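Visitor: Quick one: this structure, given as structure tokens, is what I'll be asking you about.
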Amino acid sequence: MKKIIYALILPLVGVSGLVLASRERKHEASETSTSKPISAADRKAALKKWEATPDGIKYKKWEASPEGKKVYASEAKLRKYIRAFTNMEAVVTSLSLPPGSRVGLGVMVRINGEDYILSFGPEKADKNFTNEFQPLLSLKVNDKLIIRNHWVSHAPKYSYPIVSGDYVERDSTLMYKRAPRQGGC
């Protein structure tokens, strides 16, 4: 009887030892594979290299154009609200985005006399989309919204800055609140 028990336990101990050993190796490999942050000099060199590419040249031309300067000026008007994460009053001007836009679900809004793309994220055809974005589908032109967000972006493809909709309310009713990132700092 003892021999049978030993015969069953011995392979179990051997297999568990192998599993633990391989787990340690994976853990060590992940620690060594983390790269150091890129230095400022390396970042500048990479930026200079990119600016010499056709895409970089096209982007620099857009920045210097009147359209690019207008987008940057519109972004600057929102900077104080974004830094403080304070309320911005917006009015929905259009329920459709400019032709060819690929920012996902969004609407056009006017904030302080300037037009912006209000983006909520990629449209998904799953049940979370239905639950999360459903209240946003009821928006109408001329609806007054309160928006709070953490960032504004731009792209040469668009004539308007892109405002992320982190928090949106209409008539003191929360319509959308972006879920915080998982596993970040």
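The values are calculated or read from the model by the stated rules, or taken from the named source; none is laboratory data. It should be emphasised that the depicted structure is a prediction, and the values quoted were computed from it without experimental measurement. Neighbour counts are summed over all protein chains in view; Cβ atoms, including those assigned to glycine, are modelled from backbone coordinates with ideal geometry. Side chains included, ligands, DNA and RNA excluded: accessible areas come from the protein's heavy atoms. Shrake-Rupley method; radii C 1.70, N 1.55, O 1.52, S 1.80 Å.
Visitor: Could you tell me which residue of the range 90-109 is surrounded by the most Cβ atoms within 10 Å (Cβ to Cβ), considering only residues that are closer than 16 Å to Tyr167 by Cβ and in contact with a Ser or Thr (Cβ under 9 Å, 6 or more places away or on another chain)?
Guide: Val109
Visitor: Would you point out which residue out of Glu123, Glu114 is acidic (Asp, Glu) and modelled with pLDDT of 90 or more?
Guide: Of Glu123, Glu114, the one residue that is acidic (Asp, Glu) and modelled with pLDDT of 90 or more is Glu114.
Visitor: I'd like to verify a number: residues in the range 4-33 that are at pLDDT below 75 and open to solvent by 100 Å² or more (accessible area, probe 1.4 Å), how many?
Guide: Qualifying residue count for the region: 14.
Visitor: Follow-up question, since we're still on this one. Under 24 Å from the mean Cα position of the chain (by Cα) and in contact (Cβ under 8 Å) with a residue 24 or more places away in the chain: does that describe Gly56?
Guide: Taking the combined requirement at face value, the residue does not satisfy it.
Visitor: Looking at (1) modelled with pLDDT under 85; (2) in contact with a strand residue (DSSP E or B) (Cβ under 7 Å, 6 or more places away or on another chain), can you tell me which one Asn142 breaks?
Guide: (1)
Visitor: Any idea which of (1) free of Cβ contacts under 8 Å to residues at least 60 places away in the same chain; (2) within 15 Å of Ile111 (Cα to Cα); (3) within 23 Å of the chain's Cα centre (by Cα) is the one Thr93 doesn't satisfy?
Guide: Answer for Thr93: the failing condition is (3).
Visitor: Could you please find all residues in the range 149-166 being out of contact with any His (no Cβ under 9 Å at 6 or more places or on another chain), part of a strand (DSSP E or B) and surrounded by 19 or more Cβ atoms within 10 Å (Cβ to Cβ)?
Guide: Those that are out of contact with any His (no Cβ under 9 Å at 6 or more places or on another chain), part of a strand (DSSP E or B) and surrounded by 19 or more Cβ atoms within 10 Å (Cβ to Cβ): Val152, Val163.
Visitor: Another question, then. Output the qualifying pairs, or none if there are none: Cβ atoms under 7 angstrom, residues six or more apart or on different chains, first residue in the range 61-78 and in contact (Cβ under 8 Å) with a residue 60 or more places away in the chain and over 14 Å from Tyr158 (Cβ atoms), second residue open to solvent by 30 Å² or more (accessible area, probe 1.4 Å) and of a type outside the set (D, E, K, R).
Guide: Matching pairs, first to second residue: Leu78/Val152.
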